[in-house]
Amino acid sequence: MNTIGLVGLAHGTSHFFQLALPPLFPWIGAGLALNHTQLGVLLTVFYVVSCAGQALAGFVVDRVGARLVLFGGVACIALAALGLAISPNYSTLLLFMMLGGIGNCVFHPVDFSIMNQRVSTARLGQAYAVHGISGNLGWTLAPVFVVGLTQASGSWRVAMAGTAVLIAVVLVMLYLGRPSIACAAPRLDRPHGDPHGSLGFLRLPAVWYCFGFFLVFAFALGGIQSFAPAAAGQLHGVAAAQVAICLSSYMAASAVGMVLGGQLLRDPQRSARIAAIGFGFAAVLALMIGLGSWPGWMIPVLFATMGVGAGLAGPARDLLVKQATPEGATGRVYGIVYSGLDVGMALAALVFGTMMDGGQYRLVWLLVALAQASLVITAFSVKRRWRPGSLAAAR
């Protein structure tokens, strides 16, 4: 398997783990007597730890190289899945979600460091599309896998144990393919780089605009992944068994949108425009779900249509970050910027979980739509703030 394929496999595995637990919330909540807010805290802990670790992981990647850090991250999420499967109580679940967050934190700085070093510029748009598609496939397959195993075995613990085995197999595959993901730590003494571990890139406005962009994006996505399907079920009479199908249809359709988005990025100057179109379309669909009256069978269709819009924006979103990244600081910039994903996910789990406990199902969808709509403005703000050679001015 080549570089793009192995990086995509690793990325898909991290996303698989992220969405292995939320579809099991009905079973976990019933078995351990937990409410929506407590279940949301599990995700908040995971993403808070991942956020803190992701910023640090970027520096480690730039120092020691990406491959070793990748192996450590995959091993951590495999152990976390196994620990969740055998957890006897809520406190132990929290502990292993922390371990999962440590493992999850490495993937974006690792993946983009490998791709930006090993993939030619002409193929980067396609590489980013594969990277995004693999993540969405991981999200798509996770609900089907864990719910299917739970229903077949009668135990959510069996589903998490199966997740651990699956991740361990991926770790073996990555090790066997290690020559294709070998990636030297960047030289930090280049004239145009970020020498001696300088933090000058933190003064670039575009970096923080990207951070905010990813935070809002993740807030909307976190709502969709965690509680928005259940909220749609309450609003439109979707059977509990179909809720996971709604989420899987969104993720699968998002992967399709990413294929189209990757093709449209042959001209990098379109990045902000494509991102804005995709997120604007997704916001309209979220409003339709939240404000409209639909038969239950239509909800998975609307989820899928919304997913196409969000997926279309995915490769453009990643390219916006590359355009803001100084030479020699890839791991650090991606570590800081993509930690915004974890902050947004952490906030979403708490906010949307509290809304669900309060019966505010329509408000869940209105807030998702608002977050997606704000991304239209933010995408153009990121583009306007980026200037070539801006690192030198920041130091």
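Data for the structure
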quantity	calculated
Debye equation applied to the C-alpha atoms of the stretch 79-191, log10 I(q)/I(0) at 0.16, 0.17, 0.20, 0.24 Å⁻¹	-0.92, -1.00, -1.21, -1.42
Protection-proxy order for peptides 48-58, 162-172, each taking the mean of Cβ atoms within 10 Å per residue, highest first	48-58, 162-172
For ASP62, ASP342, order by how many other beta-carbon atoms lie within 10 Å, fewest first	ASP62, ASP342
Added length on full extension, which subtracts the Cα-Cα distance from 0.36 nm per residue, ASN35 to MET288	88.3 nm
Tilt relative to the chain, helix 107-118 - C-alpha long axis, 0 to 90 degrees, to 10	40 degrees
Once the Cα gyration tensor of the chain is diagonalised, semi-axes √(5λ) in Å	32, 25, 18
Helix 124-153 vs. the chain, principal-axis angle (Cα, 0 to 90°, nearest 10)	30 degrees
Peptides ranked, highest mean first, by Cβ atoms within 10 Å: ranges 34-46, 208-220, 280-292	208-220, 34-46, 280-292
Fewest-first sequence of TYR90, TYR250 by Cβ atoms within 10 Å of each Cβ	TYR90, TYR250
The chain: angle of helix 156-176 to the longest principal axis, Cα-based, in degrees nearest 10	20 degrees
Residues MET356, MET160 arranged by fewest to most Cβ contacts within 10 Å	MET356, MET160
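No value in this document is a laboratory result; all are computed from the given coordinates. These numbers were taken from a predicted model, which means no experiment stands behind them. In this analysis, Cβ positions are derived from the backbone assuming ideal geometry, glycine residues included, and neighbour counts consider all displayed protein chains.
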